[in-house]
Amino acid sequence: MSADCVFCKIINRELDADIVYEDEKAVAFKDINPAAPVHILVVPRKHIPTLLDLEEEDQPLIGHLHSVANDIARAFKIDNKGFRIVINCGADAGQIVFHLHLHLLGGRPLLQTIAKGRGV
């Protein structure tokens with residue numbers, strides 16, 4: 001854990017968040033600035049700053065994060081129409097919090113998002 005990381009503080013319950021899922025490896029909560037009707041962040045409990053900081057031992061963890069995202073998509077009923085999973089890596093990609101996380105987005109058509117240059 002990183003003492004100054006906002007996601008580590010959420011994981012440790014030092015900051016409030018609308019948590020929708022948690023287990024021994026991951027925590028998922030609603031994004032405070034949603035880009036879609038459903039916008040959930042899936043975060044590993046292990047502090048990994050970026051995608052580039054993954055180690056070989058983290059491969060099962062990445063698979064687990066995707067499985068969690070799938071389960072949440074089903075729970076929020078966006079699995080049938082479609083959803084997007086995004087991982088931003090680095091400042092130029094839009095990563096604001098340097099704790100690896102997946103953005104799960106859905107609840108509306110998302111094709112226009114990229115076309116309009118909004119990124120996520």
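What follows is calculated from the coordinates using simple rules that are stated; it is not laboratory data. Note that the coordinates shown come from a computational prediction; the quantities given were computed from them, not determined experimentally. In this analysis, Cβ positions are derived from the backbone assuming ideal geometry, glycine residues included, and neighbour counts consider all displayed protein chains.
Filtering 33, 88 for residues that are surrounded by fewer than 19 Cβ atoms within 10 Å (Cβ to Cβ) and assigned to a loop (DSSP other than H, G, I, E, B) leaves a single hit, 33.
In the condition set (1) without any contact (Cβ under 8 Å) to a residue 12 or more places away in the chain; (2) surrounded by 14 or more Cβ atoms within 10 Å (Cβ to Cβ), residue 63 is compliant with all but (2). Which of the residues spanning segment 1-22 are in contact (Cβ under 8 Å) with a residue 12 or more places away in the chain and either surrounded by 12 or more Cβ atoms within 10 Å (Cβ to Cβ) or among the hydrophobic types (A, V, I, L, M, F, W, C) (or both)? Result: 1, 2, 5, 6, 7, 8, 10, 11, 17, 20, 21. The condition of being surrounded by 11 or more Cβ atoms within 10 Å (Cβ to Cβ), farther than 18 Å from residue 31 by Cβ, touching a strand residue (DSSP E or B) at 6+ places or on another chain (Cβ under 9 Å) and in contact (Cβ under 8 Å) with a residue 24 or more places away in the chain holds for only one of 106, 82, that being 82.
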